[in-house]
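Scroll down for the structure; my scribbles are underneath it.
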Amino acid sequence: MKNLYSLMVLGLLLSQFALAQAENGAKNKEYTDFKKALLEPELVVRLNLSGQNIDLEHQDFKVFKNLEYLNLKNDHLKSIPKSISQLSKLKVLDLSGNDFIELSDDFYKLTNLEELYLNEEKNINLPVTLKLLGKLPNLKSLHLENDNLNSLPVEIKNLQNLEFLYLNQNSFKEIPKEIKGLDHLQYLDLKNNKIAPTMLTHENINFGIKINL
């Protein structure tokens, strides 16, 4: 009886392990074909549609109820699909290299969004965008790389929960003082800017965070 019980316990543990492995595999699978993703939308956790010549602005993204990662980089978007705001589980969104000027008005509904990429968005209305992003309670990481920036709007202070800010490949000549209002900021990336060594005074670097130059 003891051997039978042990075998039953072992079988149960093995089945649970196999189920956990299957769930992890499904979660790590990245879909790159939109049509295939639409065939099994409830299984899609990661969707990478970067650099694709397809009409995405009128697609219904809300069918991907379990989506956590969405990449729409370099997709020539002139506006953000409205249905994206209904992705309640979305954590990471890459909108880099598109043609829109502002985010959609209902972007604030992405309450679980933790990381947002807005790289290579030289035409974006940054003050309006930052004001809207300030309504996202879980936004921890923001990428504004290669956006032709030489200063930060005061609206950056609306992002009170921000921990990581990436400003690589812009035109900053000094560390933006506006970040002093970001109490939770831990890391600032300013690589490949125009900050001269003479600007690295005690006043400029004493922000209490890690700054990568």
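In the full protein context, region 143-200 carries 50 Å² of accessible surface per residue, based on a 1.4 Å probe and ignoring ligands, DNA and RNA. Taken one residue at a time, the phi angles of region 133-146 give Karplus couplings (6.51, -1.76, 1.60, θ = phi - 60°) of 5, x, 8, 8, x, 10, 5, 10, 9, 10, 10, 10, 8, 6 Hz. Gly and Pro are set to x. Rolling a 1.4 Å probe over the heavy atoms of the protein chains gives region 79-129 an accessible area of 42 Å² per residue. With all protein chains in place and a 1.4 Å probe, the accessible surface of region 103-166 carries 41 percent carbon and sulfur.
The values are calculated or read from the model by the stated rules, or taken from the named source; none is laboratory data. For clarity, every value in this text was computed on a predicted model and none was experimentally measured. For accessibility, only protein heavy atoms count, side chains too; no ligands or nucleic acids. Shrake-Rupley method; radii C 1.70, N 1.55, O 1.52, S 1.80 Å.
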